[in-house]
Amino acid sequence: MSDGFLRRVWGPPSGGPIRLKPDPTKFFRAAAIVVALALAPLYASSPKFFQASTEADFLKGELENLAIDTGGQLVLGPSTELIYETSSPFLWSMIAAPDGSLFVGTGNEGKVFRVDAQGRGSVFFDSAELEVHAIAPAPDGGLYVGTSPDGKIYKVDRNGGATTFFDPEDKYIWALTIDPRGNLYAGTGEKGVVYKIAPGGTGAPFYRTNATHATSLAVNGAGELLVGTGSPGRVLKVDAEGKGFLLLDSPFQEIRALRFDDKGMLYVGGLNGRASGGSATPPVDLTSDRPTPDPGRTLVPSVSVEVTSISIASVPSASTGAARDDARAAKGAVYRINPDGVWDQLWESRDDSPYDLTFDQEGAVLIGTGSKGKMYRLQGDPLRPTLVARASAQQVTALYRDGRGRLYYATANPGKIFRLAADRAVRGTYESEPRDAQMVATWGTLSWRGRTTGGSRIELFTRTGNTQTPDETWSAWSRAYSDPIGSPITSPKARYLQWRAVLTGRGDGPVLTSVTAAYLQRNLRPQVRSITVHPPGIVFQKAFSGGEPDLAGFDDQTTPDRKLAVAAAQPSGGGAPVLGRRAYQKGLQTLVWRADDGNDDELVYDVLYRREGETTWKTLRQAISDLILVWDTTAVPNGTYIVKIVASDAPSNPGDDALGGDLESSSLEIDNTPPVITASGVRVDRGRSIVSFEVKDDHSPIQRVEVSEDGQRWRGVSPVDGIADSREERYQLTIDGLLTERGLTLRAIDTMNNVAAAHVDRN
């Protein structure tokens with residue numbers, strides 16, 4: 001690539017960031033079309049909008065020959081050229097030959113391909129094993145090839161003739177590197193041993209990592225060996241005597257890549273994975289974006305399953321256990337380690353796993369990732385990731401930049417080699433993720449913001465369907481929409497909508513900053529989910545609110561601003577209101593309900609009631625917006641009542657389009673009349689006073705009867721039948737001796753907390 005190409009392509013467009021001043025007249029022109037849709041019967045009057053306007057939004061879609069710049073905008077990126085397509089599903093490793101051709105190690109065929117600069121390729125070496133995870137240059141244009149399983153290292157001459165160079169007992173050869181003296185180092189698994197092999201092929205263990213696997217290797221300018229491990233993911237520096245020093249104890253499970261830049265800075269790619277569910281499969285890397293191995297295979301999973309570098313087991317260290325647990329949500333990260341050992345984390349992702357790293361001509365870090373084949377560039381201060389390109393494969397597994405600055409990358413699922421061109425593409429496309437309207441919807445307008453210069457242009461297209469993933473049952477792509485202010489979407493009514501943007505131009509070309517699609521859901525009937533009938537007399541103080549204060553004399557009036565303020569103060573999801581401190585006030589009945597609307601329409605409520613045995617509902621309140629009502633029950637006769645809450649979406653759907661839903665409460669008792677105490681007199685028998693009396697209530701059972709001789713201390717009295725459970729109870733109270741001149745005070749309480757008192761004299 002030409003000098004500064006990546007900065008020009010993925011840096012800010014010339015002229016600085018785009019700042020668009022809204023034009024209110026244009027907004028109302030677009031909105032008028034949407035509002036007109038409210039006239040369609042059975043459709044809610046409030047439109048909703050799908051919008052893509054940030055880097056996170058655009059990353060959800062698929063792009064070709066486009067990039068996402070530092071401002072989160074879609075711009076023309078470098079065009080991608082397919083160099084070579086192999087028959088292997090996975091390409092694991094890639095290095096350059098002295099003549100500029102590329103060697104590529106593959107799986108699950110265990111082959112090495114040689115591809116020249118013109119894209120002509122052929123099998124250079126075919127091993128007896130299934131995987132070639134590691135290759136390194138050998139003298140005279142040859143190649144060292146590390147294979148798995150039953151790991152071997154072959155030495156292949158420039159003509160493809162191969163001999164077994166080193167055959168350790170280890171099952172996997174994960175990494176190979178050469179030091180300045182021509183010694184070959186091999187990182188292995190399942191014991192995490194690093195071997196040092198002399199040019200003649202004599203080798204021995206050089207360093208034992210105390211990890212399950214030695215997954216990546218590099219040599220610094222001083223000739224020291226850097227080792228990345230798996231289970232756990234650590235980076236160690238090993239001196240010439242084989243003494244290791246821990247540089248980085250990452251919270252990740254595998255160190256996938258070690259790369260030095262021109263300044264001697266070490267960049268590290270780490271990722272997380274998952275175990276194979278306890279199967280007897282070999283310890284191969286099963287990262288979360290890959291399928292689980294076939295447990296029927298003894299060595300390596302079948303070709304339909306991706307096999308990568310190592311098996312992953314959760315092995316938190318005692319000192320960093322909390323950090324490791326926190327990192328489980330992240331798929332990977334990139335670190336930078338200075339020559340003095342100080343390190344920084346530069347990038348972390350919950351969506352993408354870093355497989356390889358390299359550098360552009362500006363020295364910026366390029367990251368190849370899975371499982372969506374994204375390539376990122378870290379740029380700016382502080383460093384921020386920008387999307388460079390997206391491969392037509394699941395994983396970008398290996399990166400290589402040649403002397404002319406051209407970037408090559410190898411992929412897995414499928415196994416291909418691509419090259420990024422040195423200039424921007426003249427045409428790029430972007431397809432959004434399918435957007436879900438939750439139901440068959442009427443589409444409004446499609447509008448966008450951006451910039452076109454010279455002969456550049458932006459065109460948008462739409463298609464719709466009723467399956468989550470677009471298939472043959474979806475509509476064809478619409479004709480191009482070319483008016484950024486907004487054009488009616490012509491695709492058929494459906495549940496899902498997808499849009500495609502085509503950017504065409506040269507130089508800085510067009511820039512797309514946001515896309516908005518309006519839609520109108522079919523009006524759904526609101527639902528009253530529950531009604532809570534609190535105990536009689538229980539009320540709640542108003543909870544403190546930081547919103548609009550209550551205004552005297554303004555109870556039945558409102559404005560749009562006040563409506564928004566009240567709505568913001570309401571609980572989300574149709575939940576019950578926040579209740580304040582509990583209190584008691586006789587004769588009041590608190591009702592609380594919960595309701596929701598599938599269109600998120602504004603709701604109002606009618607509260608109706610009827611007495612048991614009646615068939616006609618009477619109105620208690622109409623068109624209230626609160627989810628709570630306190631009923632003064634002293635205004636109705638005693639009896640058993642049922643309350644009905646009717647929710648209506650009339651505020652959002654005027655006229656005949658409004659729908660309602662209702663729910664009836666459980667029965668509730670209203671009784672505001674105290675019991676009646678009737679004493680039949682006092683008789684004396686054998687020095688004891690016997691007081692007989694009856695307690696009756698016209699509606700509620702008697703709950704408790706008490707007696708006091710001094711008006712202060714009370715004790716309970718049981719009815720003659722031993723249980724207070726009816727509206728009429730008989731009592732007989734026996735007191736030793738004669739009653740005092742003060743007599744007795746009787747107190748009766750029914751189940752509705754109505755209280756009656758009576759006095760009994762001694763005569």
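When each of Leu420, Leu460 is tested for being aliphatic (A, V, I, L, M), buried (at least 18 other Cβ atoms within 10 Å of the Cβ), at negative phi and modelled with pLDDT under 95, the lone residue that passes is Leu420. Please determine whether any residue of region 443-454 is under 20 Å from Gly332 (Cβ atoms), among the polar types (S, T, N, Q) and at pLDDT 90 or above. No, region 443-454 contains no residue that is under 20 Å from Gly332 (Cβ atoms), among the polar types (S, T, N, Q) and at pLDDT 90 or above. In region 736-763, of all residues being β-branched (Val, Ile, Thr) and surrounded by 16 or more Cβ atoms within 10 Å (Cβ to Cβ), the one that is nearest to Ile670 (Cα to Cα) corresponds to Thr751.
So which residues in region 227-244 are in contact (Cβ under 8 Å) with a residue 12 or more places away in the chain, out of contact with any Gly (no Cβ under 6 Å at 6 or more places or on another chain) and farther than 15 Å from Asn272 by Cα? Correct list: Val227, Lys237, Asp239, Ala240, Gly242, Gly244. For the condition more than 44 Å from the chain's Cα centre (by Cα), buried (at least 24 other Cβ atoms within 10 Å of the Cβ) and either assigned to a loop (DSSP other than H, G, I, E, B) or not aromatic (Phe, Trp, Tyr) (or both), Leu91 does not qualify. Scan region 622-669 residue by residue and report those that are in a helix (DSSP H, G or I) and in contact with a strand residue (DSSP E or B) (Cβ under 9 Å, 6 or more places away or on another chain). Thr633, Thr634, Asp657, listed by residue number. When Pro316, Pro232, Pro283, Pro295 are checked against the criterion of being at pLDDT below 90 and either closer than 23 Å to Gly146 by Cβ or crowded, with 21+ Cβ neighbours inside 10 Å (or both), a single residue qualifies: Pro283. Scanning region 218-229 for residues that are crowded, with 20+ Cβ neighbours inside 10 Å and of a type in the set (A, V, I, L, M) yields a total of 4. If you go through region 739-763 and keep only what is closer than 10 Å to Val705 by Cα and without any contact (Cβ under 8 Å) to a residue 60 or more places away in the chain, you end up with just Arg747. The one condition from (1) free of Cβ contacts under 8 Å to residues at least 60 places away in the same chain; (2) assigned by TED's automatic domain parsing to the domain that holds Asp262 that Asn413 does not meet is (1). Take Val691 and tell me if it is surrounded by 18 or more Cβ atoms within 10 Å (Cβ to Cβ) and assigned to a strand (DSSP E or B). Answer is yes for this residue.
Filter region 135-183 for residues that are of a type in the set (Val, Ile, Thr) and more than 24 Å from Phe260 (Cβ to Cβ); which is surrounded by the most Cβ atoms within 10 Å (Cβ to Cβ)? Once the filter is applied, the top-ranked residue is Thr147.
Residue-by-condition table, conditions (1) over 19 Å from Leu59 (Cα atoms); (2) at pLDDT 95 or above:
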position: Asp483; (1), (2): yes, no
position: Ile489; (1), (2): yes, yes
position: Ala494; (1), (2): yes, yes
position: Leu497; (1), (2): no, yes
position: Val502; (1), (2): no, yes
position: Gly505; (1), (2): yes, no
position: Thr516; (1), (2): no, yes
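Scanning region 679-699 for residues that are hydroxyl-bearing (Ser, Thr, Tyr) and either modelled with pLDDT of 90 or more or closer than 15 Å to Gly722 by Cα (or both) returns a single hit, Ser692.
Checking every residue in region 142-158 against the condition of being of a type in the set (Phe, Trp, Tyr) and in contact with an Asp or Glu (Cβ under 8 Å, 6 or more places away or on another chain) gives zero matches. Only residues that are surrounded by fewer than 16 Cβ atoms within 10 Å (Cβ to Cβ), within 16 Å of Val533 (Cα to Cα) and free of Cβ contacts under 8 Å to residues at least 40 places away in the same chain were counted across region 626-662, and they come to 1. Annotation note: of Asp167, Asp126, the sole residue that is without any contact (Cβ under 8 Å) to a residue 24 or more places away in the chain, under 13 Å from Val104 (Cα atoms) and in contact with a Lys or Arg (Cβ under 6 Å, 6 or more places away or on another chain) is Asp126. Within region 203-223, identify whether any single residue is of a type in the set (D, E, K, R) and farther than 22 Å from Trp92 by Cα, and answer yes or no. Yes: one or more hits. Whether a residue is assigned by TED's automatic domain parsing to the domain that holds Pro339, at pLDDT 95 or above and surrounded by fewer than 21 Cβ atoms within 10 Å (Cβ to Cβ) was assessed, and Lys196 passes this test.
For region 414-469, the set of residues classified as of a type in the set (Lys, Arg) and closer than 23 Å to Thr80 by Cβ consists of Lys416, Arg419, Arg424, Arg427, Arg457, listed by residue number.
For Gly681, the conditions (1) surrounded by 14 or more Cβ atoms within 10 Å (Cβ to Cβ); (2) without any contact (Cβ under 8 Å) to a residue 24 or more places away in the chain all hold with the exception of (1). With respect to Thr215, determine if the residue is more than 35 Å from the chain's Cα centre (by Cα) and closer than 25 Å to Ala128 by Cβ. Considered against the rule, which asks whether it is more than 35 Å from the chain's Cα centre (by Cα) and closer than 25 Å to Ala128 by Cβ, Thr215 comes out as no. Cβ-Cβ distances below 7 Å connect the following pairs, each with a first residue in region 199-226 that is free of Cβ contacts under 8 Å to residues at least 40 places away in the same chain, a second residue that is among the polar types (S, T, N, Q) and surrounded by 22 or more Cβ atoms within 10 Å (Cβ to Cβ), and a separation of six or more residues or different chains: Thr209/Thr229; Ala211/Thr229; Ala211/Ser231. Looking across region 435-457, the residues that are surrounded by 18 or more Cβ atoms within 10 Å (Cβ to Cβ), of a type in the set (S, T, N, Q) and assigned to a strand (DSSP E or B) come down to Thr442, Thr445, Ser447.
Here's the yes/no breakdown for (1) under 34 Å from the mean Cα position of the chain (by Cα); (2) modelled with pLDDT under 85; (3) surrounded by fewer than 20 Cβ atoms within 10 Å (Cβ to Cβ); (4) under 27 Å from Arg424 (Cα atoms):
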residue: Val34; (1), (2), (3), (4): yes, yes, no, no
residue: Ser45; (1), (2), (3), (4): yes, yes, no, no
residue: Phe58; (1), (2), (3), (4): yes, no, no, yes
residue: Glu62; (1), (2), (3), (4): yes, no, yes, yes
residue: Tyr84; (1), (2), (3), (4): no, no, no, yes
residue: Ser87; (1), (2), (3), (4): no, no, yes, no
residue: Gly107; (1), (2), (3), (4): yes, no, no, no
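Which residues, taken from region 584-609, are in a strand (DSSP E or B) and surrounded by fewer than 17 Cβ atoms within 10 Å (Cβ to Cβ)? Residue satisfying the conditions is Tyr584 alone.
What are the pairs with Cβ atoms under 6 angstrom where one residue, in region 335-359, is farther than 25 Å from Tyr400 by Cβ and the other, located anywhere, is surrounded by fewer than 18 Cβ atoms within 10 Å (Cβ to Cβ)? Sequence gap at least six, or different chains. Listed by first residue and then by second, the contacts come to Arg350/Ala329.
The values are calculated or read from the model by the stated rules, or taken from the named source; none is laboratory data. Small disclaimer: the values here were computed from a predicted structure and weren't measured. Glycine gets a Cβ as well: all are built from the backbone with ideal geometry, and neighbour counts include every protein chain shown.
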